[in-house]
1. Per residue of region B:97-112, what does 6.51 cos²θ - 1.76 cosθ + 1.60 with θ = phi - 60° give for ³J(HN,Hα)? Whole Hz please, x for Gly and Pro, Karplus curve as stated.
2. Read phi for every residue in region A:73-84 and hand back ³J(HN,Hα) as whole Hz from Karplus 6.51 cos²θ - 1.76 cosθ + 1.60, θ = phi - 60°, with x for Gly and Pro.
3. What does the charge count around B:ALA269 come to, taking other residues whose C-beta lies under 12 Å from its C-beta (Lys +1, Arg +1, Asp -1, Glu -1)?
4. Tell me which of B:GLN4, B:VAL17, B:GLY34 sits at the most positive position along the dipole axis of region B:1-53, charges placed on C-beta atoms (Lys, Arg +1; Asp, Glu -1).
5. Give me, ordered by chain and number, the residues 5 or more places off B:ASN56 or on other chains with an amide H under 5 Å from its own placed amide H.
6. To the nearest 10 degrees, how steeply does helix B:235-263 sit against the main Cα axis of chain B, on a 0 to 90 scale?
7. Shape verdict for region B:129-186, please, from the Cα gyration tensor: rounded (a/c under 1.5), prolate (a/b greater than b/c) or oblate.
8. Within 10 Å of each residue's Cβ, count the other Cβ atoms and sort A:SER42, B:SER279 from fewest upward.
Amino acid sequence: MLKKILLGGLLIAVASTNLSADEWKFAKPEMILDGSAYLYPSPVFEDLDNDGKPELLIGDLRGNLTIHKYTGDGTKHSFGEPVRMQAEGENISLPNW
Amino acid sequence: MTPQFVDFDFDGIKDIVVGTFEGTAFWLQGTKNGFKKQEYIKDSQDRNVQLSNFWNREEKKWDEADRSPEGVENPKGHSTSVVAVDWDGDKDLDLLLGAYYSGTVYVQLNEGTAQKPSYAGVNHRVKAGGEDISIPGGLCSMRSVDFDGDGHSDLICGSKKGGVYLYRNEGKSGPTQLAAPQVLIQPSGDKKATEASRPNSGLHIDIVDFDEDGDLDLLVGGYSEWTVEQPELTEEQQEAVVKAGKEASDVRQQLSKMFADVRSDPKTAKEKFKALSESPEYQKLMEKYQASSAKLRDLKPNQSQRKALVWLYRQNS
């Protein structure tokens, strides 16, 4: 009986702290954008102009939202020059830092 | 700051929901002609949705507010990430708030409707696997997405210290029930990297099927850290290093005296700093400082390198 209790406790302990990464596998990371112009870049992919291709939007600690259009060919990835995202004709600037 | 594209007002057009370092939450309404200017997300008492710690803009100081449930001690928490998600399964959007330093996650429920939200003004700790969520190293960003393809929104969190964690939603229907975390990206403690090979800190994430192969990949912004070997210096170069170092130190002392007056009164500091920074004397000193620093960097490059980069982790199905 004691052995069953101890074994049960061990199983519960293992199940509740399962940090195993075995289930999800990722390839080696690829650097797709030099973000050194940003502070703490926060990237989002979103098709902003509804052309079927997502743009790369970067939020950052300065509170700006900046758009990079996708210029790659699907195999080799590249992104265009940064353009500040606007709302009602003005650059978006959130009170971040 | 992790912008989320979501139909926040249920009008069929995507809006932007975003948390800020100020500690508050904003939304920008999407329209057929673009986005409107940002507005604070407010609760039912017309207060900003937030955790306890926030930047008080009027008084220009870090401040505290109580948003804890009745009878619960107000936890210290500074929210910098916000995600709108239907947490309780009632078909409207609730708000998850992530605490940057402590790595804890809170939920503020919408007690109104989808089109007319009414946020409760009270934040409850979010649990996973029966325990309070606590992202190791602090929490930078969150995403709510059906990562495992079972039809329910899971939670994925990016850490200050370099890891990405998945909390699967095991709720069959109705309220979200998160399981204990699984690691998608291990934090890296590799101090021997000699080039940028991955993001190491400040991980801001997005989840997207980038290569359109049917599984979800990770888009990660953050700081990569690596070490470069320092070259041996000749005697002449070593003397040049000492001289440039002394020049930089002398300028710093002069600048320090200038700033002492600027800092003496916080209410006038901003105007005084603006006047100082436009003065010819200050600009001349800064040029001298930058020249000395550049000489030092050329002779003795920093061994520790740090750079903000954006990375793609493709999932292997």
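1. 3J(HN,Hα) across region B:97-112, in whole Hz: 10, x, 8, 5, 7, 7, x, 8, 10, 10, 10, 10, 7, 8, 9, x.
2. Values, residue by residue: 10, x, 9, 9, 9, 8, 9, x, 5, x, 10, 5 Hz.
3. +3
4. Of the listed residues, the answer is B:GLY34.
5. Excluding prolines and chain starts, which carry no amide H, the hits are B:LYS61, B:TRP62, B:ASP63.
6. Once rounded, the angle reads 60 degrees.
7. prolate
8. Ordered from fewest to most neighbouring Cβ atoms within 10 Å, A:SER42, B:SER279 come out as B:SER279, A:SER42.
Throughout, read-outs are computed from the coordinates displayed, never taken from laboratory work. Given the structure is predicted, the values throughout are model-derived calculations rather than measurements. Note that we place each Cβ from the backbone using ideal geometry, even for glycine, and neighbour counts take in every protein chain shown.
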